Structure formats: C-alpha cells, structure tokens
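The structure under discussion appears below in the form of structure tokens.
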Amino acid sequence: MHYTAAAALVLASSVAAHTRVYSAWVNGVDQGDGRDSTGYIRSPPTNDPVKDLTSTDLVCNVNGGTPVSSFVSAAAGDKVAFEWYHDSRNDDIIASSHKGPIITYIAPYTEDNGASAIWSKIDEEGYDSTTGSWAVDNLIANAGQKEFTIPSTLAAGKYLIRQEIIGLHEADASYAENSARGAQFYPSCLQFDITGSGSAAPDENFNFNTGYTEADPGVVFNLYGSFTSYEIPGPAVWDAAGSSGGAASTIAVTSTAASTSTAAVETTAAPTTIAAPTTLATSVKASSTAVASSPAEVVSTTAAAATPTKGCSKRRNANRKF
C-alpha cells in the first residue's frame, strides 16, 4: 500500500488522541464534572481504548464495576448528551483519524460491571453516505457532545446509560488475529435516575461480550478501502425508543403514496477512500474489579459546571502506539 504525506499527518494527529466522558447535559443544561467518586460517571483511570472483545472492560470500561455516589436526574423523553474530551474540556476531543460510529445503550441499574445480557440500544449514528461524514466527525464539530433522546415510554427508575465510540482506524484486522490492530472501543457508563409515567422496560437483553464478534462487518472494517456504507454493530434500536430499524446505517425514506411504505435507499455517492496510516500497536486495558457502593444522591438538572481538571492520566504503557 502506498503511504502519502496526508497519511503521515493523520498518524501524527492520532498521537495521544484518545477520549473519555467529562459530563452529561440534560435538555441543554450541563450537569457538571461527573468523573470522581462523588459524581455520576463510572470514569476509567485513563482515556485508553478497549480492544479485547472478551474483556468485561468492553462493557463499562475499567472501573465499570465501581458504582459512584450520584445519579443524573432526567425524565423520559428528555434530550441528553454525553460530553467527551481528550486532555481537558473543549480540547481536540478525539483525533479526526479515529473515525467510526457512536452508539448508546441503556440497562436497568446494577452495581456490577454490566457484563451480562441486560442492554438495549436506544441510539446509533454511523456513516452518512450523502456527506461522507462519520459520527466521530460530528462529535468533534459539536464540541464533544453526542445527543440522544431518552425513550418517552421508559418506565421510571434507576438506569445505566452506556455510550461508546468505536474507532475504526486500526479495524482492518481483528485484535484476535493481530493484537497490533483491531477496532478501538471507548465505552462510558453513567448513572441515571429517570422519572416519568411510562411502563416500557428495556428488553433486548444484549450482551457485549457475546454480541460483538469479529464476524461483524462493523467491528472488522477497512476504513482505507473503498466503501459506500457501514453496518453499525449490535442489535436494532429498541422499538420503545421510537425506531424499529435494523443495525445497518442505510437511509430510510417514507413513501408519500396513498399506501405508505418504508424502503431502504442505496446511496449513489462515490465510494469513500481514506489514506491509511502505518500499522502501530495499541495495547489493551487490564480488567477492572467491582466494589460495593455507598448510598447515592441525585444530580439536579440545574447543577453548575465544575471547573475541569487539566491533563489526562499518563499512559500505563510508555511504549503505547496509536
């Protein structure tokens, strides 16, 4: 494969280009820094990715089995956004080379790491063939915020909401066959206390450690080849979230004929080709250990934003490549 000067720039921009969640927003109101033990984010110690599909860290990341003391208060039907960052708030968020989808799941609250069949997908964004943009491109353009809507029919109660970014810049081969490659998963789980009069309970029962496999075209994907579509991994969006569409990120258009029907529309855009960076290794996080929680408090949707800390944790492996 021929490597270009542009590819070299992509590689340079990917150095220290990882990401994690800083805060949540509810209907446009910032809930403040939720990363410490008194917050509402089960925050990992670093912004490194998870690549091993068999690791329990794939679910809620390192520290995913460590409950924190607060919950974000929101109502069914509210618009919520996770705010991602790299080094500090409102920085470069994640390298633009780390293109891929952003997917959001919900599960009934649990104090463990969520590594079981309890998850339902409520939002997904992948590749837009009409613009050639990825969910990660839009995340960067939106100052690190990825918004979704809590299903309006969701039953009241405590929940974990998990949002993940999947970086596809090394996904041309699976991690299992080449540990220097593989899709990079950035999962983050936040604790929510949802109010409302709905009765719908998430029932897709998705298990990440068995549901995501190297046979998925959205997990092993050549970002640097020619493509016109991308199939988002995981189940369909849960129908209580207002969609019964499948996982593939094709565009659905409703007919205006008297007998209304819905059809998938194939793109006519030219195939996308992205210059490939050189092959570099990214090591995998160690597994986390669950601990018991203390009684939790609820974060008000009028909470003021806390002053962000500066700088991210040092890489655990000084020889890590991106």
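If you go through the stretch 61-71 one residue at a time, do you hit one that is under 16 Å from the mean Cα position of the chain (by Cα) and within 30 Å of Thr153 (Cα to Cα)? Before the answer, list the steps.
Here is the first cut: in the stretch 61-71, the residues under 16 Å from the mean Cα position of the chain (by Cα) are 61-62, 64.
Subset that is within 30 Å of Thr153 (Cα to Cα): 61, 64.
So far as the stretch 61-71 goes, yes, one or more of its residues are under 16 Å from the mean Cα position of the chain (by Cα) and within 30 Å of Thr153 (Cα to Cα).
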Looking at (1) in contact with an Asp or Glu (Cβ under 7 Å, 6 or more places away or on another chain); (2) modelled with pLDDT of 50 or more, find the lone condition where Ala248 falls short. (2)
Residues of the stretch 159-203 being crowded, with 22+ Cβ neighbours inside 10 Å, in a loop (DSSP other than H, G, I, E, B) and of a type outside the set (A, V, I, L, M, F, W, C), which ones? His169, Glu170, Tyr175, Gly182, Pro202
Criterion violated by Ser55 - all others in (1) out of contact with any Cys (no Cβ under 7 Å at 6 or more places or on another chain); (2) of a type in the set (Gly, Ala, Ser); (3) within 25 Å of Gly157 (Cα to Cα) satisfied: (3)
Output yes when any residue across the stretch 189-196 is touching a helix residue (DSSP H, G or I) at 6+ places or on another chain (Cβ under 6 Å) and either more than 28 Å from Asp128 (Cβ to Cβ) or of a type in the set (Lys, Arg) (or both), and no when none is. no
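Are any residues in the stretch 48-66 part of a loop (DSSP other than H, G, I, E, B) and surrounded by 22 or more Cβ atoms within 10 Å (Cβ to Cβ), and if so, which ones? Working first, answer last.
As a first pass, look at the stretch 48-66 and keep what is part of a loop (DSSP other than H, G, I, E, B): 48-49, 51-56, 61-66.
Asp48, Pro49, Lys51, Thr56, Asn61, Val62, Gly64, Gly65, listed by residue number.
The values are calculated or read from the model by the stated rules, or taken from the named source; none is laboratory data. What you see is a predicted model, and the numbers here were worked out from it, not measured in a lab. Backbone-built Cβ (ideal geometry, glycine too); neighbour counts: all protein chains shown.
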